[in-house]
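S.K.: Before I ask anything, let me first share the structure, which is written out below as structure tokens.
The values are calculated or read from the model by the stated rules, or taken from the named source; none is laboratory data. Treat the numbers as computed from the prediction; the structure is a model and nothing was measured. When we count neighbours, we look across all protein chains shown, and the Cβ atoms used for this are built from the backbone with ideal geometry, even at glycine.
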Amino acid sequence: MKKVFNEVSSLDKKCYEKYLLSEEILMEHAALSLKNEIEKKVKNHNSNILIVCGVGNNGADGITLSRLLQNRYKNIILYLPFGVKSNMAKIQLSRVNTLKIKQIDTIEDIKDIDLVVDCLFGSGLNKPLNNEAKKIIENLNSINAKKISCDIPSGINSEGYIYDIAFKADTTITMGALKISLFSDIAKEYIGKLKVGNLGISDELYEEKTNIYFLEKSDLQLPLRKEINSHKGTFGHACVVIGSKKGAGILASDAAFNFGAGLVTAMVHEEIQMPYYIMQSHNIPENTTAIAMGMGLGLYDKIEIRKILDLKIKKVIDADLFYDEIILDYLDENLVLTPHPKEFCALLKLIGIANIDVNDLQKNRIKYVKEFSNKYPKTTLLLKGANVLISQNQKIYINTFGTTSLSKGGSGDILSGLIVSLLAQGYSCKDSAINASLAHTLVAKKYRYNNYSLTPNDLIKGIKNI
Ligand SMILES: NC(=O)C1=CN([C@@H]2O[C@H](COP(=O)(O)OP(=O)(O)OC[C@H]3O[C@@H](n4cnc5c(N)ncnc54)[C@H](OP(=O)(O)O)[C@@H]3O)[C@@H](O)[C@H]2O)[C@@H](O)CC1
Ligand SMILES: [K+]
């Protein structure tokens, strides 16, 4: 798990004041991080490396980089379309001017670029791009070359919002620490592989406390069985409430069984066709340790649903129930909610936080997840999306492993099944949401066929050997 910050200027300030590092030292290290990445990516010394620099310190990082790369590669090309404005950019440029680094006025005549380094705008982007900047980014995006962004792809602002266009990087080296702007769903298309550039001081000293965390593969804790003297009851009893659209509940039940729940019961009104290892019952069995409900519910009997919600058993709730104010009576520590953006908008309206549409939500996902968690700190929330956000107790965990192959009917039902399985096996609500989400996305990431073909059954199969 890595820490994520709303902004890093206060962390930079601590470097100056507490550790007596200058802006210049930080910048030299920022450029060094870029250099190290480039040396890994570009082995041929004859490669053409285009470094595009803006007027501020993001540009200054790029100018500094050109000096560090000068002896390593033959063809370093600097492009400063708007000149320089910040003091550091001026100082770094005067140093570079004593060297024979090629500078160009337009990229139109440039051919055979092997690598583009984007240092146009960083954390200082504070207004929409003008037409000239847009055109430059459009041209850079059309170059067939490897692409690295310094700090953040140019065009993404500090809220993770893109006005019109942004540089499309293969790799982003973000300076000092991870920032929240890198994790909006919209930004995901542009960031590529995300790495943190060291600024000359250890993470422990640079970083402060935070409430936002970036999940890593190593955070996944599978429900591997350590007990030797066990029986099926040792691993809990998950119960899935089957609605009128039965497929959703069947998928969730199957996923729950495959992820280790000792017993899985589908609560049905009439017998349905299901895998033979899933039991069927008209009631919630007595020894149930976790319940999944909401998926495919369709029309339902409110009294019956209330009876189930009244049970002091951990639950994962999905889909139709986010539109029903019944839910308002149960937002406590026993609950995991798994809405997609449209359902979360409905929920935000029900709980009186906001009346917004999906577009507004997608621009401000973190903000609304925070607001939800402030109001209902005990409830675990998992907001689906390109980057999954999980919150509990005012802490937010970001899972970036999601892939487009998961954008399919049934994926969400499998996720609910994985969550109820972990709940049944004794994981806390927060840990169930985190681990099920990691398993779900990592299985999809590992899927080795075309990304349009992933089915819920492939996810279930993948769970077996993740
Ligand atoms: N702090 C540190 O210690 C370290 C910082 N580091 C680096 O510094 C970067 C931040 O630098 P920064 O603050 O100078 O901002 P940056 O993104 O270069 O741009 C600001 C300039 O752009 C302009 N501008 C803004 N929007 C615009 C638009 N739409 N269209 C046109 N112009 C626009 C804006 O104009 P103004 O607001 O002045 O009118 C201003 O002149 C950071 O990302 C990291 O790479 C590292 O070296 C590590 C140490
Ligand atoms: K940039």
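S.K.: Search region 331-360 for residues being loosely packed, with under 15 Cβ neighbours inside 10 Å and among the polar types (S, T, N, Q), and hand back the single one that is farthest from the chain's Cα centre (by Cα).
M.R.: Applying the filter and picking the extreme gives 355.
S.K.: Taking the options 94, 158, name whichever one is surrounded by 15 or more Cβ atoms within 10 Å (Cβ to Cβ) and farther than 18 Å from residue 48 by Cβ.
M.R.: Working: 94 fails: surrounded by 15 or more Cβ atoms within 10 Å (Cβ to Cβ).
One residue alone meets the criteria, 158.
S.K.: Would region 69-77 turn up any residue that is in contact with a helix residue (DSSP H, G or I) (Cβ under 8 Å, 6 or more places away or on another chain) and either within 15 Å of ligand 2 (Cβ to nearest atom) or of a type in the set (Val, Ile, Thr) (or both)?
M.R.: So far as region 69-77 goes, yes, one or more of its residues are in contact with a helix residue (DSSP H, G or I) (Cβ under 8 Å, 6 or more places away or on another chain) and either within 15 Å of ligand 2 (Cβ to nearest atom) or of a type in the set (Val, Ile, Thr) (or both).
S.K.: Can you pull out the residues in region 294-319 that are outside any loop (DSSP other than H, G, I, E, B) and either buried (at least 22 other Cβ atoms within 10 Å of the Cβ) or in contact with a Pro (Cβ under 6 Å, 6 or more places away or on another chain) (or both)? Break it down stepwise before answering.
M.R.: Just the residues of region 294-319 that are outside any loop (DSSP other than H, G, I, E, B), to begin with: 302-310, 314-317, 319.
The answer is 314, 315, 316, 317, 319.
S.K.: Name the pairs: first residue in region 189-218 and closer than 28 Å to residue 393 by Cα, second residue of a type in the set (Gly, Ala, Ser) and buried (at least 17 other Cβ atoms within 10 Å of the Cβ), Cβ to Cβ under 7 Å, at least 6 apart or on different chains?
M.R.: Taking only residues 6 or more apart or on different chains, the pairs are 196/177; 206/176; 206/177; 207/177.
S.K.: Out of 170, 185, I need the residue that is more than 10 Å from ligand 1 (Cβ to nearest atom), within 22 Å of residue 404 (Cα to Cα) and surrounded by fewer than 16 Cβ atoms within 10 Å (Cβ to Cβ). Which one?
M.R.: On the way: 185 fails: surrounded by fewer than 16 Cβ atoms within 10 Å (Cβ to Cβ).
The match here is 170.
S.K.: Write out, first by first residue and then by second, each pair whose Cβ atoms fall under 6 Å of each other, whose residues are 6+ apart or on separate chains, and whose first residue, in region 28-46, is assigned by TED's automatic domain parsing to the domain that holds residue 147 while the second is among the polar types (S, T, N, Q) and within 16 Å of ligand 2 (Cβ to nearest atom).
M.R.: Every condition considered, the pairs that remain are 31/64.
S.K.: Do we find a residue being of a type in the set (Lys, Arg) and either in the same structural domain as residue 436 (by TED's automatic domain parsing) or assigned to a loop (DSSP other than H, G, I, E, B) (or both) anywhere in region 180-201?
M.R.: Let us first name the residues in region 180-201 that are of a type in the set (Lys, Arg), namely 188, 193, 195.
Still in the list and also either in the same structural domain as residue 436 (by TED's automatic domain parsing) or assigned to a loop (DSSP other than H, G, I, E, B) (or both): none.
No, that holds for no residue.
S.K.: Sticking with this structure for a sec: Look at region 104-127 and say how many of its residues are within 24 Å of the chain's Cα centre (by Cα), surrounded by 10 or more Cβ atoms within 10 Å (Cβ to Cβ) and more than 18 Å from residue 42 (Cβ to Cβ).
M.R.: Qualifying residue count, region 104-127: 5.
S.K.: Let me ask something else about it. Tell me which residues, restricted to region 89-127, are more than 15 Å from ligand 2 (Cβ to nearest atom) and closer than 26 Å to residue 160 by Cβ. Show your work before the answer.
M.R.: Step one: filter region 89-127 for residues more than 15 Å from ligand 2 (Cβ to nearest atom), giving 90-114, 127.
Within region 89-127, just 127 meets the criteria.
S.K.: Now a separate question. Looking at (1) within 16 Å of ligand 1 (Cβ to nearest atom); (2) within 20 Å of residue 25 (Cα to Cα), can you tell me which one residue 79 breaks?
M.R.: (2)
S.K.: Could you list all residues from region 157-178 that are over 16 Å from residue 61 (Cβ atoms), at pLDDT 95 or above and within 16 Å of the chain's Cα centre (by Cα)?
M.R.: Applying the first criterion (over 16 Å from residue 61 (Cβ atoms)) to region 157-178 yields 157-166, 168, 170, 178.
Still in the list and also at pLDDT 95 or above: 165-166, 168, 170, 178.
If the condition is that a residue be over 16 Å from residue 61 (Cβ atoms), at pLDDT 95 or above and within 16 Å of the chain's Cα centre (by Cα), then 178 is the only one that fits.
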